[in-house]
Amino acid sequence: GQQVMQIPQYQHVQEGEDFTTYCNSSTTLSNIQWYKQRPGGHPVFLIQLVKSGEVKKQKRLTFQFGEAKKNSSLHITATQTTDVGTYFCAGQAGGTSYGKLTFGQGTILTVHP
Amino acid sequence: GAVVSQHPSWVICKSGTSVKIECRSLDFQATTMFWYRQFPKQSLMLMATSNEGSKATYEQGVEKDKFLINHASLTLSTLTVTSAHPEDSSFYICSAGAERNEQYFGPGTRLTVT
């Protein structure tokens, strides 16, 4: 079945440093979504990428979808302590599995002030 | 908008008993809801896809007789953990499918089976 790999598992940064997490799917995706889960909380939808090569920005966050629609990345510029949490990518295939998300393992981000 | 509630937020039950968890979409209708399980510091594992008015679709390895899912209306899905055992202790999260394939997650239910 579909697998979504995400690296790194953990990332510790000093406040102000940049952060990137990478996601790779075993199969071509119809779209990829990114979620953030704060400690003790539930996943919160950040963004969805649909088009090959798509790049979207949300303030200090930049999301990319690869040309082959099998990989994606999330880059945070100048991290802040409020960025702490686990970032998950989740891939969605088309066809009969419409709607079903396969989550990556997540990257736990710690930001030291 | 797009608020999903889940009840209870935490529950402790004795081994052998059953527990029902409710998932409600408060301000939108969701024909599809999803049930996930999450162990500490791990990812979300999809258990089943719940479609209003039809039987749930379970992921491989998930016992449908143990995890009963009912999606009786466009705003409510329930997960019942039957004959719970300590290994069923986990964080159960539901999500409701919205437009453009986005999913909105409930706050989760922490189940502890003693």
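Considering only residues that are of a type in the set (Val, Ile, Thr) and part of a loop (DSSP other than H, G, I, E, B), which ones fall in region B:13-38? Working first, answer last.
Keep residues of region B:13-38 that are of a type in the set (Val, Ile, Thr), which gives B:17, B:19, B:21, B:31-32.
Within region B:13-38, B:17, B:31 meet the criteria.
For region A:97-113, which positions are within 10 Å of chain B (Cβ to nearest Cβ), open to solvent by 20 Å² or more (accessible area, probe 1.4 Å) and not in a strand (DSSP E or B)?
A:97, A:98, A:100, A:105
Could you please let me know if residue A:58 is more than 9 Å from chain B (Cβ to nearest Cβ) and without any contact (Cβ under 8 Å) to a residue 40 or more places away in the chain?
Working: more than 9 Å from chain B (Cβ to nearest Cβ): yes; without any contact (Cβ under 8 Å) to a residue 40 or more places away in the chain: yes.
Taking the combined requirement at face value, the residue satisfies it.
Which of the residues spanning region A:58-93 are touching a Ser or Thr at 6+ places or on another chain (Cβ under 8 Å) and open to solvent by 40 Å² or more (accessible area, probe 1.4 Å)?
A:60, A:64, A:67, A:68, A:69, A:70, A:71, A:75, A:77, A:84
Can you pull out every residue in region A:32-55 that is assigned to a strand (DSSP E or B) and open to solvent by 70 Å² or more (accessible area, probe 1.4 Å)?
Taking region A:32-55 first, the residues assigned to a strand (DSSP E or B) are A:32-37, A:44-49, A:55.
Residues satisfying the conditions are A:44, A:55.
Report yes if residue B:71 is more than 11 Å from chain A (Cβ to nearest Cβ) and more than 21 Å from residue B:15 (Cα to Cα), otherwise no. Spell out how you get there, then give the answer.
Values: more than 11 Å from chain A (Cβ to nearest Cβ): yes; more than 21 Å from residue B:15 (Cα to Cα): yes.
Yes: the conditions hold for residue B:71.
Out of region B:54-73, which residues are surrounded by 13 or more Cβ atoms within 10 Å (Cβ to Cβ) and either polar (S, T, N, Q) or more than 18 Å from residue B:22 (Cα to Cα) (or both)? Write out each step before concluding.
So in region B:54-73, the residues surrounded by 13 or more Cβ atoms within 10 Å (Cβ to Cβ) come out as B:56-59, B:62, B:64, B:66-71, B:73.
Residues satisfying the conditions are B:57, B:59, B:62, B:70, B:73.
If we scan region B:55-68, do we find a residue that is polar (S, T, N, Q) and either away from chain A (no Cβ under 11 Å) or touching a Cys at 6+ places or on another chain (Cβ under 8 Å) (or both)? Lay out the reasoning, then the answer.
Going residue by residue through region B:55-68, those that are polar (S, T, N, Q) are B:57, B:60.
Right, trim to either away from chain A (no Cβ under 11 Å) or touching a Cys at 6+ places or on another chain (Cβ under 8 Å) (or both) and you get none.
No, region B:55-68 contains no residue that is polar (S, T, N, Q) and either away from chain A (no Cβ under 11 Å) or touching a Cys at 6+ places or on another chain (Cβ under 8 Å) (or both).
Looking at region B:96-114, which of the residues that are hydroxyl-bearing (Ser, Thr, Tyr) and farther than 12 Å from residue B:5 by Cβ is least open to solvent (accessible area, probe 1.4 Å)? Can you show your working first?
So the first thing to find is which residues in region B:96-114 are hydroxyl-bearing (Ser, Thr, Tyr), and the list is B:104, B:109, B:112, B:114.
Next, only the ones that are farther than 12 Å from residue B:5 by Cβ stay: B:112, B:114.
Working: B:112: 59, B:114: 93 Å².
Among those residues, the one meeting the criterion is B:112.
Among (1) farther than 19 Å from residue A:106 by Cα; (2) of a type in the set (Phe, Trp, Tyr); (3) touching a residue at least 60 places away in the same chain (Cβ under 8 Å), there is one condition residue B:58 misses while meeting the rest; what is its number?
(3)
Test of understanding: among A:74, A:49, A:29, which residue is away from chain B (no Cβ under 14 Å) and of a type in the set (A, V, I, L, M, F, W, C)?
On the way: A:49 fails: away from chain B (no Cβ under 14 Å); A:29 fails: away from chain B (no Cβ under 14 Å).
Step by step, each of A:74, A:49, A:29 is checked, and only A:74 is away from chain B (no Cβ under 14 Å) and of a type in the set (A, V, I, L, M, F, W, C).
Residues being of a type in the set (S, T, N, Q), closer than 22 Å to residue A:99 by Cβ and either within 14 Å of chain A (Cβ to nearest Cβ) or surrounded by fewer than 16 Cβ atoms within 10 Å (Cβ to Cβ) (or both): count how many of those fall in region B:74-95.
To start, the set of residues in region B:74-95 that are of a type in the set (S, T, N, Q) comprises B:75, B:77-78, B:80, B:82-83, B:89-90, B:95.
Subset that is closer than 22 Å to residue A:99 by Cβ: B:75, B:77-78, B:95.
Keeping just the survivors that are either within 14 Å of chain A (Cβ to nearest Cβ) or surrounded by fewer than 16 Cβ atoms within 10 Å (Cβ to Cβ) (or both) gives B:77, B:95.
Matching residues across region B:74-95 total 2.
In region A:9-26, which residue that is open to solvent by 20 Å² or more (accessible area, probe 1.4 Å) and within 13 Å of another protein chain (Cβ to nearest Cβ) is nearest to residue B:97 (Cα to Cα)?
Going through region A:9-26, the residues open to solvent by 20 Å² or more (accessible area, probe 1.4 Å) turn out to be A:9-12, A:14-18, A:20, A:22, A:24, A:26.
Pick out the ones that are also within 13 Å of another protein chain (Cβ to nearest Cβ) and you get A:9-10.
Details: A:9: 27, A:10: 29 Å.
The selected residue is A:9.
All but one of (1) hydrophobic (A, V, I, L, M, F, W, C); (2) touching a Phe, Trp or Tyr at 6+ places or on another chain (Cβ under 6 Å); (3) within 11 Å of chain A (Cβ to nearest Cβ) hold for residue B:34; which doesn't?
Only one criterion is unmet by residue B:34, namely (2).
Looking at region A:76-91, which of its residues are modelled with pLDDT of 95 or more, within 18 Å of residue A:31 (Cα to Cα) and of a type outside the set (A, V, I, L, M, F, W, C)?
Residue satisfying the conditions is A:87 alone.
The values are calculated or read from the model by the stated rules, or taken from the named source; none is laboratory data. Bear in mind that the values here come from a model prediction, so they are computed numbers and not experimental data. Cβ atoms come from the backbone with ideal geometry, glycine included; neighbour counts cover every protein chain shown. Just the protein is used for accessible areas: all its heavy atoms, side chains included, with ligands, DNA and RNA removed. Shrake-Rupley method; radii C 1.70, N 1.55, O 1.52, S 1.80 Å.
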